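Colleague: Dropping the structure in here first, questions after.
The values are calculated or read from the model by the stated rules, or taken from the named source; none is laboratory data. This is a predicted model, so every value here is computed, not measured. Positions of Cβ are generated from backbone atoms using ideal geometry, with glycine treated the same way; all protein chains shown enter the neighbour counts. Protein only, heavy atoms only, side chains kept; ligands, DNA and RNA dropped before computing areas. Shrake-Rupley method; radii C 1.70, N 1.55, O 1.52, S 1.80 Å.
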Amino acid sequence: MQKSGLLALAVAATAWVSSTTCAAQPTASDNSLVSALSATAPVLKTPIDVLNHELGKRVYFFHYLTSNPLVAMSDSDAEPTLADMDIMYTLPAGLSDLGMDSYASALLRDPSLSHSPGMGNTWFMLARNASDRSNWLQAGQLVSKAMASDALLNPADEAEAAFIATTSYANRDQTQQAEEAFSQIDEDSNWYRFAGYNLMLTKMRQGISADDLRQWVSDFLVDDPENEQQTALNDRFRLTAGKYELRNKHYDEAIGYLRLVSKDGPYTSDALLQYGWALSKRWQYDQALQPWRVLQEHFPLLDIHALESLMATSYLAELMNGGVPSLPVYEYTENRMTLALEQLNNLDNPVTLLQWVTRWETRQSATSDNILSADPQGVTESPTSRNLEGLLSTSAFIQEQQRLLDIRSMLDWVQRQQQQLSLAQAEKLANLAAYVQVVQSGRLEQVESSSRQLQQQITLIDQRIQEQRRQAFGFANESELLQLNKLVAIANESSGETPMEQDTREQAALLQGISQWQLSKSLPQRAWTLKKQQLLLQQQYQDVNTQLTNVSGLLEQVGTFYARSEAHLATIEAAASKLSQLEQTLTALHTKQQQQIVTVAQSHIGMLKDRLKDYLATTRLSIARLYDNELRRNTNSGGLGEYE
């Protein structure tokens, strides 16, 4: 077991070297990872070796197919089989499952595997992982291999693969290639609409016309109010198109898109803000105030769009009413922003933020034995979460959150293992105590004593049978023998000289004959009764002896087992010690990661505070400007009286 996992570790190390130092398609045979593995393959000389090798492959595939690739590659029985090509084909997917994508890519680029057909699913898995990291260039390179004709990609994944290819080309503004990949997606697939949105962004960067954009957006809108995800995607199309037209000063088109964004979706606040700006650009000031008023009344004060709407409201109020009449609006904006700044200062508290992180983190449940398969439930609904809504969608927070949940899952796994070890230790100690109690109770001696007593009883009965068989009237009881002896004595005492004595003698002889006949007749039954008693005792003796043999053997085996109890308990304690050290390390890492999320949150709060201070400073400067303008106007008009 000491070499467990060494070969897998060597593969990973070799793959890492290959991925960082070798070309994308190594050709030298001495650089082949498969050749390196093949050199370690054992030589199968006997049928037993072949049988063990096949069993090792089954061990590997059992763990691999039950989603335990690390155990599959590190199991001591399966390790010698990793050089087999049917297992080699699965190694890249296993490495990818473990998050070792660079190793998996290097292994796939090996000459022995790079041109092998049927590897499409593995290439696709790597492409998907790269897209999850927003590395679209690498994702595009990987997915092109997955979509090759001989890759035999799973048909269920073809739409997502085409989406990855479309997005990869779109991010590089390669419109023609993106449209070719886009044409391979089924229009009924959700990936078709996702890819259509990303391709729309490319067309916007290239200056798509308003008419073409309108047609493009209409092709991807799906009217399904019961489907929240589809509604959100519709809103995203309309919001993005509305912002694009607003920047291009196509205000009517922007209004047309923004007014159709749903009123209770994730893009509502941004759409309301932009909708108000679009209306204001059309000099529809009264109408522009309506969406901003909704923002200020129905959304959290710290919502960045609500804060900006306060600035916008003051700006429009001055345009509509002039200087002094707009002062109450500016002062209202100043008061709201001051209150928002106070809330941010209260929120910018490490203790409060740490409590917030702990609340939603403890909702995570780690039910899987595979610590890499965490299923995060997201952040809990709370006032803090609502105030930090803008933070929750940032890549920095999402990345740090996932790291924290991974550490939490590992920590939960360690704690479960500790509980299992504690139960195993307690059970072993309880069993050891029960064994000692059995040994000290003298149970074995009691069984041995019962065996001896039964043996003695059987011997006595056998002796009695032999003795009775030697007698003329065996198996007769004392009263019967006494009666028979009396009859014999009467017959002997009667001389027969007188008729009476003759009759007495004849009667005694007759009775003697009857008694002897009765005794002879009952002798087999009485002999069998005694023999049956002996047979029953012999059966009991055999049962007791069997029990004695079993108990002796069991106690001997258990004694041999418990003779190593100290070693077993020491092993458990050593494992518990290692788990305790791992728990301490993970706890420290967990605490550090919690603080990291707090730091990210504080950075976001700091950004909001800086922006809010700018807004507040601008508002106060506007108030000062309005007062100064009014003062100058009064001064110029002679409104100062004696100070004129």
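Colleague: Straight-line reach from Lys243: which lysines have a Cα under 25 Å away, not including same-chain ones fewer than 8 places off?
Modeller: Leaving aside lysines fewer than 8 places away in the same chain, those within reach of Lys243 are Lys203, Lys263, Lys281.
Colleague: I need the trypsin sites (Lys or Arg not before Pro) found in segment 122-178, filtered to DSSP loop residues with at most 14 other beta carbons within 10 Å of theirs. Before the final figure, lay out the partial values.
Modeller: Details: sites: Arg128, Arg133, Lys145, Arg172; in loops: Arg133, Arg172.
Sites meeting the loop and neighbour criteria: Arg133, Arg172.
Colleague: Related question: Tell me the GluC sites (Glu not before Pro) within segment 200-260 that lie in a loop according to DSSP and have at most 16 other beta-carbon atoms within 10 Å.
Modeller: Answer in residue order: Glu226.
Colleague: Would you mind working out the accessible area per residue for segment 224-355, using a 1.4 Å probe, and quoting it in Å²?
Modeller: Ligands and nucleic acids excluded, the figure is 49 Å² per residue.
Colleague: Now a separate question. What shape does segment 159-269 take by its C-alpha gyration tensor, where a ≥ b ≥ c are the square roots of the eigenvalues and a/c under 1.5 counts as rounded, a/b above b/c as prolate, and the rest as oblate?
Modeller: Oblate.
Colleague: Tabulate in residue order the Karplus-calculated ³J(HN,Hα) for segment 579-593, using 6.51 cos²θ - 1.76 cosθ + 1.60 with θ = phi - 60°, rounded to whole Hz; enter x for Gly and Pro.
Modeller: 5, 5, 5, 5, 5, 4, 5, 5, 4, 5, 5, 5, 4, 5, 5
Colleague: ³J(HN,Hα) across segment 208-222 via Karplus (A = 6.51, B = -1.76, C = 1.60, θ = phi - 60°), whole Hz, x for Gly/Pro?
Modeller: Each residue's phi maps through the Karplus curve to give 4, 6, 5, 5, 5, 5, 4, 5, 4, 5, 5, 5, 10, 7, 10 Hz.
Colleague: Do any trypsin sites (Lys or Arg not before Pro) in segment 275-323 lie in a DSSP loop with no more than 14 other beta carbon atoms within 10 Å, and if so, which?
Modeller: Arg282
Colleague: May I pose another question? Can you work out the Karplus-derived ³J(HN,Hα) for every residue in segment 303-319? Use 6.51 cos²θ - 1.76 cosθ + 1.60 with θ = phi - 60°, whole Hz, and x for glycine or proline.
Modeller: Karplus-based 3J(HN,Hα) across segment 303-319 equals 5, 4, 6, 5, 5, 5, 5, 4, 4, 5, 4, 4, 4, 5, 4, 5, 5 Hz.
Colleague: Contact order normalised by length for segment 266-367, with contacts defined as Cα pairs under 8 Å and 6 or more residues apart; what percent is it?
Modeller: Rounded, it is 19 percent for segment 266-367.
Colleague: Something else now. Using 0.36 nm times the number of residues separating Glu179 and Phe61, minus their current alpha carbon distance, what extension gain do you get?
Modeller: Taking 0.36 nm per residue and subtracting the Cα distance, the gain is 38.4 nm.
Colleague: Additional query: Is segment 207-280 best put as rounded, prolate or oblate by its Cα gyration tensor, with a ≥ b ≥ c the root eigenvalues, rounded for a/c under 1.5, and otherwise prolate when a/b is larger than b/c, oblate when not?
Modeller: It comes out oblate by the Cα gyration axes.
Colleague: Rounded, prolate or oblate: which fits segment 268-307, taking a ≥ b ≥ c as square roots of the Cα gyration tensor eigenvalues, rounded meaning a/c under 1.5, else prolate when a/b beats b/c?
Modeller: Prolate.
Colleague: Something else: If I model a spin label at Lys613 and Gln502 as a point 7 Å from the Cα along the Cα→Cβ vector, what separation in nanometres do I get?
Modeller: If labels sit at Lys613 and Gln502, their model points lie 15.7 nm apart.
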